[in-house]
1. Suppose the filter is assigned to a loop (DSSP other than H, G, I, E, B), over 20 Å from A:His7 (Cα atoms) and modelled with pLDDT under 85; does A:Asp66 pass it?
2. Assess whether B:Ala696 counts as being touching a strand residue (DSSP E or B) at 6+ places or on another chain (Cβ under 6 Å) and modelled with pLDDT of 80 or more.
3. Which residue out of A:Glu220, A:Glu209, A:Glu177 is surrounded by fewer than 20 Cβ atoms within 10 Å (Cβ to Cβ), within 14 Å of chain B (Cβ to nearest Cβ) and among the charged types (D, E, K, R)?
4. Among the numbered criteria (1) more than 29 Å from B:Val739 (Cα to Cα); (2) surrounded by 20 or more Cβ atoms within 10 Å (Cβ to Cβ), which one does B:Arg584 miss?
5. Residues that are within 11 Å of chain A (Cβ to nearest Cβ), farther than 21 Å from B:Asn529 by Cβ and touching a strand residue (DSSP E or B) at 6+ places or on another chain (Cβ under 8 Å), at least 1 per element: which strands (runs of 3 or more DSSP E) completely within region B:576-628 meet that?
6. From the residues in region B:434-458 that are over 28 Å from the mean Cα position of the chain (by Cα) and not in a strand (DSSP E or B), which one is surrounded by the fewest Cβ atoms within 10 Å (Cβ to Cβ)?
7. Can you report the number of residues in region B:539-552 which are buried (at least 17 other Cβ atoms within 10 Å of the Cβ) and more than 9 Å from chain A (Cβ to nearest Cβ)?
8. Would you pick out the residues in region B:472-520 that are in a strand (DSSP E or B) and hydrophobic (A, V, I, L, M, F, W, C)?
Amino acid sequence: MFGAEEHRPAAEAFDREIDDMLDRAVKLTESVEAGTAGERDFIRRWSLGRALRASQLQKSDNFEPDEDKILWEALSIKCQNGIRSSGKHEPRWRDLIPERDSAPQRIERDVFAGGLWLQEQDLTDASLTFGASLTNARGLHRRHAVSNINLRTALHQWLKTYDETSRRTLTRTKNFETMAKALAKRWPGRGPGSAKQPVHYEQDVLNDELRRVLVPLAAELLADAPPQ
Amino acid sequence: MTDSGTHGLRGPVLPQEQLQQRGYELDDEENWAAFEGQGFTKSDGAALGSRGQGKSAFLYHSNPPGAVRGRRMMMLYDTLLEKGEYRLGVRNANPADEIKSPPYSGNEARSIIRDRYTDNTDLEIDLSLDPLQEIGTRVIIPYLSNDAVDAIRNGELAAWLQRCWWRAIQTKDLEIVIDDGKSHRQEIRPPSWWRNEPWENTSSNGATVRKRESIDLGNGLRIKRIVLMYDENLGLGDATGGDAQFGGVQLLRGRQWITTISRELSEFVPKERRPGFRGFVEFDQTLEKELRVLEDPQHTGFDRYNKTVQAIYRAVEDTVEGFAQELGWRRQKQAPEPERQPEIIQKFLRWIAPNARGPKSSPTPDKWECKIGYTLPDSQKARVNWGEHLGDVRVSVVSPAAFPMDVSISLEGIHVDGGEAVSLIRETPLDFFERDGEARFGSLKVVRDTAGDGQIALPRQGRWELTARVHQGGWIVKSASRSIYIHEDPPPRELKPLTVSISVENRTRPDRRGSDRIDYGDRVAVQINARNNTPDDILTDVTASIPDVEKMISNSISSRLKGTPGGDTADRQAAWVGDVVFFRPDEIPPDVPGAITIPVEAGRKRLNVDLIADGDVCAWAPYTLHIAIDPANRDWEPFQLQGLPDEDLPRWQLKEVGEEQELWYSLDYPTLRKLLQTDDPKAGRDAFLLEIYCEALIQWALGPIWSSNGNDRENYDEVFGAEPPDGVEPEKWERLVEVMIPDLEAAGRKNAQNPYQKAALLHRQCAGELMRLFEQRDN
């Protein structure tokens, strides 16, 4: 009764949209200079997210609202295989996602959903907030209650009050993880204290509350840091 | 019923004031006071009958006329003492327990016995009896019930007396004669198969007897003897009345039959041999004393979870196994091993799991509400001494419909430890204004004995549960309970200061539960309820929200929660009430006066509630909402069942296996093995698995609370946080969730006194109640 042919035009159009999105992501990545390999990964992830948001692929009629997983799978396969809708090979797409030994069916939640989340801040702000570290970004992203943009904005504004050296110390992986834990303890995702989360605060009140939690902790972390 | 060769109901007749002064403790020879007392403490608690329950049984076989409501009961009892003193007492229970105080005595007593007794309702009871001539006691039950008369005439009473007392009769400690005063006189004798004492190991004429004596159970406890007999010529029809209770091994304590071990022996005694199989067990004195404590008040069994009792059962099973082997009886086959996911467990989880239930097809039942109110002498604790008052006693009722007809309330007291029940206020009609009704009884004095006007009798020290019942058209439609301590301080309770729960009702679609699908635009009533378990009022801030949704349902709105006297049952108080309407984030908010409008994406959402006092979160609760989606029709399974062939495994154990939990149990567990050998092994296996699953589920629910000092209630909410499961009366579910489970939660905390013993007992009770509710769900 149903055949694939009647869906071919829509599928091919969608395929082209995906190509455009991935090309945009590559372009964004190449437009920014990066120092370390870690910073390059950070920029790629941000770029992928920004390109994805601009493409509106998620809002396509081809998907139900809760079918993001299918889109991520499709994007992942595209990046792994690097085959355009025209049939030509595009090797640059491969760099957009991490190397994996496993088959493309493994859902790259961190990559596409994480990229979307990361790009909610401009690249400069996101880089400052996380010290341009994907590890730091993941550490906050997985703690859902404190992953809200309001809290990242508050974190960004607070870190800006420190000089670059101090910021580098605070955004070292181990230190950032300590601060993320402290924030998650203050705003747990479930259980006691979970009814009022960062999303429910006015920004200035949230800024103050975040400082109350992190300033004493930052003082300890900075005091313990080895001299540069 | 007349005894002889005893010392009569000796001791003084103690007035109430004196009993109160003595704290209701009696000496060994104060038999009159003990006989009349309801649970008075007598120092020789080991003697059968010394605790008072047996005497009440006489009352239940009387049925005199003249009851206004319910059934009237009464008994008379006379006694002749050593120095010639004669007394005649009268006891009524209709339904309040009343004793004539002081009793009749001397010639007046004798005169009544010879002629008739007339009570204050002009009920005349023609006695025409001879006064007692020998020292002893007689209990007279007037207007014997038809059931009791039938039992005498058809031999059922004789059979029961034989079953209970044959050994005491055999040792000449007791003689029982049934005499109807006309042509029927029967002396109770031991059954034929036990008449040849002393018993020796013999085999003749198709009958084999084996005895085993002085069996050491350790700790200085011994079974005096186990005697087994098989007679191929005997059948269960030979026991008078066809009594199957003889078909097994009787446990005798104080030479009285308490219980029979039979099902546990089915592995060893083939079905076709059971009619001819008999046995009994007697204990030495030390073990008898120990068993007295472990015996239930009705003398029908022992605590099966006690190690000593288990050791007794094992000794009997071992002895029967040896007997069976000697007689060449083949062991019964085992049923196949159980499946991993038995259907009974799936049914149970679908019944109790909130999100696995499908949408209801019938409307939500009408809701009655009922509340007991009174003021206490000391507002800090729920204690009343005899002679003190409960002030402004009232029962308030809310009906689902305005001006309901034929509604009445009654108030009853149940002693929590003794199980004794007394009626405090008989059914009283209730008038309503709209949906509200209230009955006020003013200030009531709490007394120990007979209650007069303006009084209620709570005759025993300790914790009582006062239960109000709402009746309509002959049915009980709602009940409410409240704890009170009589003449003793309530123990310290290790409950959290505040607890919170959430109820959600879909007003637009009343046929749906709160946990069912909520469509955009539905008006949903949200009520955040709290209980304050401290004596003082607490001012809290109520915060409620859905994660990722910027607009909160309640943002730190203040609520004052009234305190609860220590030991009392905390009232559920509404900390926050409001209507909410959800709408799509990309749409214009709907205009719904009086409701909070919340933009939210469709999906399964968690409503989180915190109660904050003095800056700290004192209580919290989640509630799962299904916004514009149907609840997932998945089977909820907190842990999988795993039977393992391992004799060393305990009865059950929750184990972490990777990220999952599994409920492990031993396929070789003796009880399970025996159940598999019954006539219906599947039913036996199902019963065993359901029981361990209920126990494990309760532990799964409460374990995180115990280990997080009360903070982690997520598992608890999954099991007990939703509305009552289908087919369960709300008040029964409330009793489990709001009384029994919190008691267990408190008992299991690290700083609870004797945590293991009390928690273990409460755990079994809660699991038993859960099973009962599940099994009764279709009735």
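The values are calculated or read from the model by the stated rules, or taken from the named source; none is laboratory data. Because the structure is a prediction, the values reported are computed rather than measured. Positions of Cβ are generated from backbone atoms using ideal geometry, with glycine treated the same way; all protein chains shown enter the neighbour counts.
1. Details: assigned to a loop (DSSP other than H, G, I, E, B): yes; over 20 Å from A:His7 (Cα atoms): yes; modelled with pLDDT under 85: yes.
It is true that A:Asp66 is assigned to a loop (DSSP other than H, G, I, E, B), over 20 Å from A:His7 (Cα atoms) and modelled with pLDDT under 85.
2. So B:Ala696 fits the description; yes.
3. Every option except A:Glu209 fails the conditions.
4. The failed condition is (2).
5. Working: elements: B:595-599, B:603-613, B:616-627.
Because the criterion is at least 1 residues that are within 11 Å of chain A (Cβ to nearest Cβ), farther than 21 Å from B:Asn529 by Cβ and touching a strand residue (DSSP E or B) at 6+ places or on another chain (Cβ under 8 Å), the strands (runs of 3 or more DSSP E) in region B:576-628 that meet it are B:603-613.
6. Within region B:434-458, the match that is surrounded by the fewest Cβ atoms within 10 Å (Cβ to Cβ) is B:Asp453.
7. Summing the residues that are buried (at least 17 other Cβ atoms within 10 Å of the Cβ) and more than 9 Å from chain A (Cβ to nearest Cβ) in region B:539-552 gives 3.
8. B:Trp475, B:Ile476, B:Val477, B:Ala480, B:Ile484, B:Ile486, B:Leu498, B:Val500, B:Ile502, B:Val504, B:Ile518
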